[in-house]
Every structure is written in structure tokens, then in C-alpha cells.
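The values are calculated or read from the model by the stated rules, or taken from the named source; none is laboratory data. Nothing here was measured: the structure is a model prediction, and the numbers come from that model. Counting neighbours? That spans all protein chains shown, and the Cβs are built from the backbone with ideal geometry, glycine included. When the accessible area is computed, the model is the full protein with side chains, heavy atoms only, and any ligands, DNA or RNA have been set aside. Shrake-Rupley method; radii C 1.70, N 1.55, O 1.52, S 1.80 Å.
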Amino acid sequence: MFAGPVGGLAPLVGPTAGYLFGFVAAAVVTGWLSERGWDRNVAWLFLAMAIGHFIILAAGFSWLAFGMKLGVEKAWWVGIVPFIAGSVVKNALGATLLPAARRLADRRGEGG
């Protein structure tokens, strides 16, 4: 993100800025939910991850629509719609694979 031809602070003020700040907020919220046991059940984990994605997309949308002055309709079509399907797939994969990975790690810890 900070490497390549657009290094430095440019990503923090450009079109991706809202998503980057939203990611930090989403990490805080999903971590807080995880500490309260939302990561121990597939359905609750899916919901926690969905809340995280919502936070990221809402921050990105807000920045595009108002900070970058794209307007609500254009920000919706370029900043939200293309990412909805991917978010649902990532939620489903994460919510099913994380508990399986935790069980595998627990089993390895018992034998060591």
C-alpha cells in the first residue's frame, strides 16, 4: 500500500483513504467482539465479520462520496457494489475456516 509509485502519505488522502481508516476501526470492533466470544460460533463470527466489512465499506463510501466529492450515487456504484459479493464470500470462508483452524491448533497444542 505504501510502496511503489504511490508511496508516502498519498494513500491516506486519496480515494482509498476511507477504506484504510475504516479497516483500523473494523479491526478494533471485530477484535472487541472476538474478545466477547463472537469468534466461537460460526453464525456469530459471520456477523462479526459482516460488521467489520460494513464499517470498512461505510468509511470508504463516505470518503468517496463526501471527501472526494464523487456524490452518493457514483460512490455507491464504484465504492460499494463491486465489493459486496467478495465480502460475503470472505465472511463465509472466514467464519467456517477459523473455527476449524482453531480446533486443529488446539489439537497440535495437546500433543506438544
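Quick notes on this structure:
- Some residue of segment 60-72 being among the basic types (Lys, Arg) and over 16 Å from residue 17 (Cα atoms): no
Conditions (1) buried (at least 16 other Cβ atoms within 10 Å of the Cβ); (2) modelled with pLDDT of 95 or more; (3) not in a loop (DSSP other than H, G, I, E, B), marked per residue:
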| position | (1), (2), (3) |
| --- | --- |
| 11 | no, no, yes |
| 29 | no, yes, yes |
| 61 | yes, yes, yes |
| 65 | yes, yes, yes |
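- Odd one out for residue 70 among (1) under 26 Å from residue 12 (Cα atoms); (2) open to solvent by 40 Å² or more (accessible area, probe 1.4 Å); (3) in a helix (DSSP H, G or I); (4) out of contact with any Phe, Trp or Tyr (no Cβ under 9 Å at 6 or more places or on another chain): (3)
- Output for segment 34-59, where each listed residue is closer than 30 Å to residue 71 by Cα and either open to solvent by less than 40 Å² (accessible area, probe 1.4 Å) or among the aliphatic types (A, V, I, L, M) (or both): 47, 48, 49, 50, 51, 52, 53, 55, 56, 57, 58, 59
- Single residue of segment 86-112 satisfying the filter (open to solvent by 90 Å² or more (accessible area, probe 1.4 Å) and modelled with pLDDT under 90) that is farthest from residue 49 (Cα to Cα): 112
- Restricting attention to segment 73-112, the residues that are assigned to a loop (DSSP other than H, G, I, E, B) and of a type in the set (Ser, Thr, Tyr) add up to 0.
- Residue within segment 59-69 that is at positive phi and out of contact with any helix residue (DSSP H, G or I) (no Cβ under 8 Å at 6 or more places or on another chain) present: yes
- Tabulated pairs, segment 85-111, first free of Cβ contacts under 8 Å to residues at least 40 places away in the same chain, second among the hydrophobic types (A, V, I, L, M, F, W, C) and open to solvent by less than 80 Å² (accessible area, probe 1.4 Å), C-beta under 9 angstrom, 6+ apart or interchain: 87/49; 87/50; 87/56; 87/57; 88/50
- Some residue of segment 29-51 being β-branched (Val, Ile, Thr), farther than 19 Å from residue 14 by Cα and out of contact with any helix residue (DSSP H, G or I) (no Cβ under 8 Å at 6 or more places or on another chain): no
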